[in-house]
1. What's the FRET efficiency of residue A:223 with residue B:188 using the Cβ-Cβ distance as r and R₀ = 51 Å, to the nearest 0.05?
2. For the range A:1-122, report the translational diffusion coefficient in µm²/s to the nearest whole number, using Stokes-Einstein at 10 °C, 1.306 mPa s, and a Kirkwood Rh over Cα pairs.
3. Can you give the average number of partner chain beta-carbon atoms within 10 Å of each beta-carbon in peptide B:108-118, as a whole number?
4. Using the 10 angstrom Cβ neighbour count as an exposure proxy, how do A:272, B:139 rank, fewest first?
5. Say each of residue B:205 and residue B:87 gets a label point 7 Å from the Cα, pointing the same way as Cα to Cβ; how far apart are those two points in nm?
6. Contact order normalised by length for chain B, with contacts defined as Cα pairs under 8 Å and 6 or more residues apart; what percent is it?
7. Would you mind checking the tilt of helix B:236-262 against the longest principal axis of the Cα atoms of chain B, expressed as 0 to 90 degrees and rounded to 10?
8. For the protein assembly as shown, just run the numbers: alpha carbon Rg, then divide by 2.2 N^0.38 Å, N being how many residues it has.
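Taken together, the values in this text are just the output of simple stated rules run on the coordinates, not laboratory data. Treat the numbers as computed from the prediction; the structure is a model and nothing was measured. Don't worry about glycine lacking a Cβ; one is built from the backbone with ideal geometry, like all the others, and counts go over all protein chains shown.
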């Protein structure tokens, strides 16, 4: 009995409720005529699509910069990479890698500036990160219209300039990573091996990095800045590094997302993209001050599972699409829970 | 020396409004709007938005930053308007009834918001922001699924064709401009919504009076320093909740005034825009996260909306593409909030570093090195 109580306390009520909710959806699915294998397939695909962006939260949380609501900044770097690779008409795996290669330096530069900014505003990082994300997306809206891209696959047909709101990458590199070593189990269930391997590789690298000297220093900066200062760690440098890392992962994350999704979404597309990632890592058990790779994996499965299952199952049950509303309530409720709980622990 | 210093301080303090003034001054001739049109437009927008922006003042006084939770008040106001549209109550009566219905809801929402923010001391702004999103989900759940099924709605014009849930846009013809046109006045062909300005004027007086009351003083003390206020016997947490409740209720009235002027309501969008635009206006007026006056409100509304009206046309004539001006407008609203937040946090951070350095008995600039 005591063990159960401890377990509940460790995991936290919201997480248990969400896990139970997801489980009941999976149990209900066959009864309301939703194919279980198709649902599992969708969950797996979406897990792979979104995993990297959730992983991007880890370094900044660990270094005490809070949840990275400024993820759109990294996403923009990724979009620039993706759009440029389409412009260059590179296809297949090379296409995706080119996109990542182009996105990386942009993400590093943007992340570095963003990190310097966040160092100046210690204590209110999250609010400012949100608005840095928003304003950069709005600025890029103008840039997408103005930048000199010429490829007829991407610009508006009649004007001959200005990028379209959604650009298909199907002819270039859709599923270029997902399809590596992918195999089908049956008609509805396929396993995107390549995407998972890539995600796990990044997870492993991140986990290794967190164990290195620099990674440990980063964690110390987050958990006890005074101690870090006393042991000679350069706080600002560590924080900037974590922000650069997070922004870069955001860029890689969105390219992973696009290669699976098949479309590049520009303009207001990335506007709210930080919120699902933030919600996912929090559902996985992270707090505003602490996050681990396990949190990322558990959280992404739970959150994306709910996003996949609610439309199909609830739709079949009550003939209405409530998934959007449920998504808003669950994701923001989770963020709210994390924000209000962290102070309680501190005081 | 002292004078140049003062000038520099003035410029730094008012950097945001000055930048706005300069940009507008350049953009107005380019946009080719007539002066008459602009004055009329500014008057309308002043009457429409001032009340919403004024509702932000009280929480700033209590040191809780910009109340992004004012969205909750706007939601309450819209719920009130949905009911009076359903019952088809016309004119000023309808408006007042909407306010009466919405008040208890707004108080309740405000109380929730206050309690939540008390649990997240030190990060009120981001929490109230997320709370706005969260309550938006709850609002959608109620209005999209509850109204017409659990809550009875008789007017079929309001309900979606599937039988429940409110339509995306509601026509508020029955209360359209009822407050604005209560006392008609026209000078040189420019209509002035006198009654609305009287309401706003009363509200400004209320704020001035409120600052002098015991509660107002308590709030200012709480805003200055919570532990000190606490040891002085001020019920800090309660005071903070009250400040948020007041702000939410006022935002609710503000939204009703706003919508009676606009005349149509986007059931699922109007409240979200209210928050962003009100906060951007206040910051453009030279207010900061910790200091805002009534003057900031009016300057802010005029400057922000001047930009808002002028920039799409200016952008169109400059670049030949109307869309760029449109996006520029969005960029400005978000950019200005980021800029103001960064400036404020920056200053606070610098103050803290200086204080810390002095505490350690070093030079003020020896901070982190």
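1. In this case the efficiency is close to 0.15.
2. 87
3. Whole-number average of other-chain Cβ neighbours for B:108-118 is 1.
4. A:272, B:139
5. That separation, rounded to one decimal, is 2.9 nm.
6. Numbers: 548 pairs, mean separation 107.9, N = 369.
29 percent.
7. For helix B:236-262, the angle is close to 40 degrees.
8. Cα-based Rg divided by the globular estimate yields 0.99.
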